[in-house]
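Derivation of every value follows stated rules applied to the coordinates shown; laboratory data play no part. Remember, predicted model here, so these are calculated numbers, not experimental data. When we count neighbours, we look across all protein chains shown, and the Cβ atoms used for this are built from the backbone with ideal geometry, even at glycine.
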């Protein structure tokens, strides 16, 4: 059962909004390779604010994601793309419904 999650809030530097969107879209390929990350969303919250929500079956999966290639790429690009350091919060999933097709 999915109980563990992360939410990252990302504020793009002025003029870098399209670069952030492309970076996050490219992250989907990496997320598909992570066997312990069954749920991953890249989000646009406003014209310059983005987010990533991902969820895991256990704490080990969450920790593997935090030390994996997506997190490494995010931190490597942070100075170039983001106005402030990404805010990454561990969260608990209280309920989940997933009946739609996966992309």
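Note the angle between two axes, namely the Cα long axis of helix 17-33 and the longest principal axis of the Cα atoms of the chain, as a number of degrees from 0 to 90, rounded to the nearest 10.
30 degrees
Add -39500 (n - 2.57) for each DSSP H run of 4 or more in the chain, then divide by its residues: what number comes out at 222 nm, to the nearest 500 deg cm²/dmol? Each step should come with its number before you reach the end.
On the way: 3 runs with 38 residues, N = 103.
Only helices count here, giving -11500 deg cm²/dmol.
Suppose the chain between residue 1 and residue 53 were pulled fully straight at 0.36 nm per residue; how much longer would it get relative to their current alpha carbon spacing? Before the final figure, lay out the partial values.
Numbers: separation 52, 0.36 × 52 = 18.72 nm, distance 1.66 nm.
Length difference between fully extended and current span is 17.1 nm.
Whole angstrom only: what separates the Cα centroid of region 3-35 from the Cα centroid of region 46-85?
Spelled out, the Cα-based centre of one part sits 7 Å from the other.
Report, to the nearest 10°, how far helix 69-81 tilts away from the longest principal axis of the Cα atoms in the chain, using its own Cα long axis and a range of 0 to 90°.
Between the helix axis and the principal axis of the chain, the angle is about 20 degrees.
Would you work out the relative contact order for region 4-92, in percent, from Cα pairs under 8 angstrom that are 6 or more residues apart? Spell out each step's value before the answer.
On the way: 140 pairs, mean separation 42.1, N = 89.
Rounded, it is 47 percent for region 4-92.
Pop the C-beta distance of residue 92 and residue 35 into the FRET formula with R0 = 22 Å and round what comes out to the nearest 0.05. Show your work: numbers first, answer last.
On the way: r = 22 Å, r/R0 = 0.99.
Efficiency, rounded to the nearest 0.05: 0.50.
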